[in-house]
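One structure below.
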Amino acid sequence: MDPLHHFQVHNIVDLNILGLDISISNSVVWMWIAVGVAFAFMKFASPGSKNGRALVPGRLQSLGEMLFQFVRGIITDIIGQEGLKFFPGIFALFLLVLFCNVLGLVPGSFTPTSQLIVTATLAMGVFLFATGLGIYKHGGHFFSFFVPGGVPKALLVLMIPIEVISYLSRPVSLSVRLFANMTAGHTVLAVVFFFIANTIPLGLNLLPLGFTVVFNGFELFIGFIQAYIFTILTCVYINDAIHLH
């Protein structure tokens, strides 16, 4: 039994153009599925009516509006009203991470966010966008971000490199946190399911089976929390770029 089998990437369609490997793997397919499910969810969460939405929202519309207001609240609390111009991108990123996490719990599926290259690409995209935004908005003054206020000049030789290293480590911490949590949780689930199926006699495995149901619910919660944390840190980085705090 290989508990990491669930995380193995394999090509479904081999494609190679001018020496560049652009093969379609199971990771790519499940990211497409996550995007499709997220799009369908928001589409059906906003049923057509004379006013664009149902006057009395159903369960799906209520959930969609809750997620919408949830992310909007994160943006306004951290960045302020100025941050709402970035709402479409941040909300799309939240939904992508959320559905990649949640769909990985479906038997026979694949979890794209359990791949470091996927989370690192998302984190690097956020990092480069925030850095570019800061330079665009403040010009050369952006680099004052690495000079802590109120620090004696004698300590700046030490503090500036620390600030630079801390800033450059942002995409590392952002990507590793999501990758590690998804990998660890799904590995534990795989080991527990294998243990139940192969070592416990039929009829005596109700307690461990109940544990797996609870743990699946916990993993669902973790998937949401990780999307939430990823969104919060994205807003923090954008806020730093705008306000240089």
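The values are calculated or read from the model by the stated rules, or taken from the named source; none is laboratory data. Keep in mind that what you see is a predicted model, and the values were worked out from it rather than measured. Backbone-built Cβ (ideal geometry, glycine too); neighbour counts: all protein chains shown. Just so you know, the surface numbers come from the protein's heavy atoms only, side chains and all, with ligands and any DNA or RNA stripped out. Shrake-Rupley method; radii C 1.70, N 1.55, O 1.52, S 1.80 Å.
Is it true that some residue in region 56-66 is β-branched (Val, Ile, Thr), over 30 Å from Val164 (Cα atoms) and not in a helix (DSSP H, G or I)? Yes: region 56-66 contains one or more residues that are β-branched (Val, Ile, Thr), over 30 Å from Val164 (Cα atoms) and not in a helix (DSSP H, G or I). When region 234-245 is examined, which residues are found to be open to solvent by 10 Å² or more (accessible area, probe 1.4 Å) and touching a Ser or Thr at 6+ places or on another chain (Cβ under 8 Å)? Correct list: Leu244 only. Applying the condition of being open to solvent by 50 Å² or more (accessible area, probe 1.4 Å) and at pLDDT below 80 to region 155-198 and asking which residue is nearest to Ala120 (Cα to Cα) yields Val188.
Filtering region 139-162 to residues that are touching a residue at least 12 places away in the same chain (Cβ under 8 Å) and either farther than 29 Å from Val176 by Cβ or under 25 Å from the mean Cα position of the chain (by Cα) (or both) leaves only His141. Gly89: more than 27 Å from Thr212 (Cα to Cα), assigned to a helix (DSSP H, G or I) and touching a helix residue (DSSP H, G or I) at 6+ places or on another chain (Cβ under 7 Å), yes or no? Here the answer is no, as Gly89 does not meet what is asked. For region 19-34, the set of residues classified as in contact with a Leu (Cβ under 8 Å, 6 or more places away or on another chain) and of a type in the set (Ser, Thr, Tyr) consists of Ser23 only. Total residues in region 30-44 satisfying the condition of being of a type in the set (A, V, I, L, M) and over 17 Å from the mean Cα position of the chain (by Cα): the figure is 2. Give region 105-135 a look and list any residue that's free of Cβ contacts under 8 Å to residues at least 60 places away in the same chain and part of a loop (DSSP other than H, G, I, E, B), or say none. Once the filter is applied, which keeps residues that are free of Cβ contacts under 8 Å to residues at least 60 places away in the same chain and part of a loop (DSSP other than H, G, I, E, B), region 105-135 yields Val106, Pro107, Gly108. Restricting attention to region 136-154, the residues that are under 20 Å from Asn239 (Cα atoms), open to solvent by 70 Å² or more (accessible area, probe 1.4 Å) and assigned to a helix (DSSP H, G or I) add up to 4.
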